[in-house]
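Heads up, the thing below is written out as structure tokens.
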Amino acid sequence: MISWIKIKSRLFSPIFRFHWNHFRKGVDIGKGFKARNRFSLTQEGKGKLFIGRDVFFNNDCSIVCRGLIRIGEDCLFGENVHIDDSNHTFSDVFVPIRKQGFSQGHITVGKNCWIGSNVFLGKNACIGNHCVISANMIVNFSVPDNTLVKRNQDGKIVFLPIQKEEKEPLVSIIVPCYNVASYLEACVLSLKKQTYSNTEVILVDDGSTDRTAELVDSLSDGKTIFGFHKENGGLSDARNFGLSKGKGEFVTFVDSDDILDPNFLFVLMNAIQKGRTDVACCQFSRFSDGETPAPWNLKTLPYSILESDEAQKAMFQQIQFDTSAWGKVYRSSLFDKISFPKGKSFEDLFTTYKIFEKTPFVSFVPLPLYFYRRNQFGIMHSYSPKQIQDYQEINQVLFDNYKERETGLRYAVFLRLFVNYSNAFFSVSNRKSELGSCLWGKIREFRPYVFRTKKKKSVALGACLSFLGRRAYWKLGQIKRKKQ
């Protein structure tokens, strides 16, 4: 008897797991299993298959199980990986191969393994824990724990030990500071309380005119907290300066009036390391002056892995996370050819999508571990004519970059453009001016896409209210701005 199923998309993975775990004996698929396009599984006879938690298969992978196959948790398989615990017996050259039957052998893949693309795992393959199998290999032998298997220049298979890192990767925390004397100490205190220990804090005084410069000096200890002073150049320039001073393998940005949950770095770095990604992001929550955000009581370390386009879509929809530079941890090398635009407002919109486009996967943690302060004197409280001009510029950049992309992603970007143009429209003093008319025209242009993609209820409500007309929509926007 042969049982067979194909998965055309990773979206069907939960259905796949339920089907096999509940209706077919001998198959056990762990939680968090994901498979991309054209994944197939064939089980024949008394074949038994056990797959641990959080296992990921890329495109065009397959499993054929006639005997016993075990795959440990937290394993990642590249494209075109095929696992087959049996093959044809070939002992008599005068008898057709198809008539000589099969020989079988168990296959074992330990936990936390990475299997490269175009790899075939055959019978008797036994791969230990924490192993890496390079691309274009046929594996039908045993591999000890913590081993890299590859071919040398002569084409011979070599086994190289993988050295475990004794220390956690260094994370640079970049904090631009400008006239935040009232908030900086609370921000730095939250950085000192991080349960992830290997960090360096880069405080960048951006030409402050209050006591911020003095606080930067007093808070610096020359060991894990370093203070720098520069002429005022804006938030982008301060972040770029911090990037030039940081030495960490990873980097995160924190606004100087905000606070981190004590487990922010620990949870996001766990998501990066277990998900084998270069970026991790989380949700955020808002708080006001006089409030003390309560640390999140962690019982588990949840995370999911999003493909690049999927992550960009979620970012522009602003449901799971936003385009903000903060609330995320990045591999520092992603910024090698990317910098924040000096002199521009909405610098995150100009930058974050470029980072996401450079990495194939993003880890997402569904916990609000970044605390964003409602600051009535902050940069984003109101928009000047220059900021509205920057808004229009980045909107055009996003439109040009995504107008030919996949439909779902394109609609998500157009949804964000509707929000951006609405925010700019609410900031103009004369809705009937040439600028006001231009913004209103853009709102009407992108409004239909709001109803074609996933969105927040507030955005859907705003799109509906815009049908009341320019005057009513602008007045409702003024009320909204006063409440913020």
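The values are calculated or read from the model by the stated rules, or taken from the named source; none is laboratory data. Computed from a predicted structure; not experimentally measured. Glycine gets a Cβ as well: all are built from the backbone with ideal geometry, and neighbour counts include every protein chain shown.
For the reader, a short list of remarks on this structure follows.
- Total residues in the range 146-175, condition within 29 Å of the chain's Cα centre (by Cα) and either part of a loop (DSSP other than H, G, I, E, B) or in the same structural domain as LEU235 (by TED's automatic domain parsing) (or both): 10
- Failed item, numbered, when GLU214 is tested on (1) touching a strand residue (DSSP E or B) at 6+ places or on another chain (Cβ under 7 Å); (2) modelled with pLDDT of 95 or more: (1)
- The one condition in (1) at pLDDT 90 or above; (2) within 20 Å of SER324 (Cα to Cα) that GLN389 fails to fulfil: (1)
- A single entry from PHE364, PHE399 fulfils the requirement of being out of contact with any Asp or Glu (no Cβ under 8 Å at 6 or more places or on another chain), under 25 Å from SER458 (Cβ atoms) and assigned by TED's automatic domain parsing to the domain that holds GLY436: PHE399.
- Checking each residue in the range 287-303 for being exposed (fewer than 12 other Cβ atoms within 10 Å of the Cβ) and farther than 16 Å from LEU268 by Cα picks out SER288, ASP289, GLY290, GLU291, THR292, ALA294.
- Lone qualifier among LEU465, LEU435 - being surrounded by fewer than 16 Cβ atoms within 10 Å (Cβ to Cβ), part of a helix (DSSP H, G or I) and either in contact (Cβ under 8 Å) with a residue 60 or more places away in the chain or touching a helix residue (DSSP H, G or I) at 6+ places or on another chain (Cβ under 8 Å) (or both): LEU465
- Qualifying residue in the range 304-319 (condition: surrounded by fewer than 17 Cβ atoms within 10 Å (Cβ to Cβ), at pLDDT 90 or above, touching a helix residue (DSSP H, G or I) at 6+ places or on another chain (Cβ under 9 Å) and of a type in the set (D, E, K, R)): yes
- Tally of residues being within 20 Å of PHE371 (Cα to Cα), surrounded by fewer than 21 Cβ atoms within 10 Å (Cβ to Cβ) and free of Cβ contacts under 8 Å to residues at least 60 places away in the same chain across the range 324-345: 1
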